[in-house]
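The values are calculated or read from the model by the stated rules, or taken from the named source; none is laboratory data. The model shown is predicted, which means the values in this text are computed figures rather than measured ones. With ideal geometry, Cβ positions are generated from the backbone for all residues, glycine too; neighbour counts draw on all protein chains shown.
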C-alpha cells in the first residue's frame, strides 16, 4: 500500500506536495486530464518543474497522491463505527456508504475523471486506492474467516468504482438510497 502520509516528512515537502495537489485539482476546472501537463501544474502551483520531479515521478503519481489526500486520508468514521459488535455485513454496508459519499459529494470532479480518454487507467487507479483503503480498515479484524480481507477489498472497491462510473456516465440517475438498495440486493451472499 502506498504511504502518502509519512509523519517524518519535511514540512516544506508536505507544503510543496499540497501546492502541487491543489494545482492539479485547480487545472481540472478548465482542462481534461490529457490536457494537463506537468508544466501547467507547476505554473499554477508556482513551482519549478524540477521541484515537481523531486516529489513525483509523473502526473499520475500526483493524481494518486491528490486523490488519496482529498478522499481517502481524512479522518473517516469507519474506525469508530467498525466495532466488533457489528456483523461483517453491517461493516460492509457502512463502508459502502462512506465510499458512495466520497463519490457523490464531488460528482463534477469524478464526472470529469471518468469522461477522459484515460478512463480505464483512472478507474484502475481508483480501484487500487480504495482496495488499499479497505484492506487497511480490515487489517487485523477476525470478523469473517471464510472470506479473506483482500477478496473483500477487491470486490468492494471494484464494484463501487464500476457502479459509480456507470452512474456518472448516465448523469447520476440514482439517489444514494437507491444505489445502496441495489448494492444490498447484489450482495445477498455476504
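I want to confirm something. Restricting to segment 162-190 and keeping residues that are modelled with pLDDT of 80 or more and not in a helix (DSSP H, G or I), which single residue is surrounded by the fewest Cβ atoms within 10 Å (Cβ to Cβ)?
The residue in question is 175.
Going by what's in this entry, would residue 134 be described as within 19 Å of residue 65 (Cα to Cα), crowded, with 20+ Cβ neighbours inside 10 Å and either modelled with pLDDT under 75 or in contact with a strand residue (DSSP E or B) (Cβ under 8 Å, 6 or more places away or on another chain) (or both)?
Yes.
Need pairs with beta-carbon distance below 7 Å; first residue farther than 23 Å from residue 10 by Cα and within segment 28-57, second outside any helix (DSSP H, G or I); sequence gap 6+ or separate chains.
The qualifying pairs are 32/116; 33/116; 33/118; 34/116; 34/117; 34/118.
Name every residue in segment 18-48 that is at pLDDT 85 or above and loosely packed, with under 13 Cβ neighbours inside 10 Å, in order of residue number. Give the steps one after another, and end with the answer.
So in segment 18-48, the residues at pLDDT 85 or above come out as 18-24, 26-27, 35-48.
Listed by number, the residues that qualify are 35, 39, 46, 48.
In the list 71, 65, 4, 53, which residue meets the criterion of being modelled with pLDDT under 80 and either crowded, with 19+ Cβ neighbours inside 10 Å or farther than 22 Å from residue 134 by Cα (or both)?
Numbers: 65 fails: modelled with pLDDT under 80; 4 fails: either crowded, with 19+ Cβ neighbours inside 10 Å or farther than 22 Å from residue 134 by Cα (or both); 53 fails: modelled with pLDDT under 80.
The unique qualifying residue is 71.
Quick one: would you say residue 92 is crowded, with 16+ Cβ neighbours inside 10 Å, closer than 22 Å to residue 62 by Cα and either at pLDDT below 75 or in contact with a strand residue (DSSP E or B) (Cβ under 8 Å, 6 or more places away or on another chain) (or both)?
no
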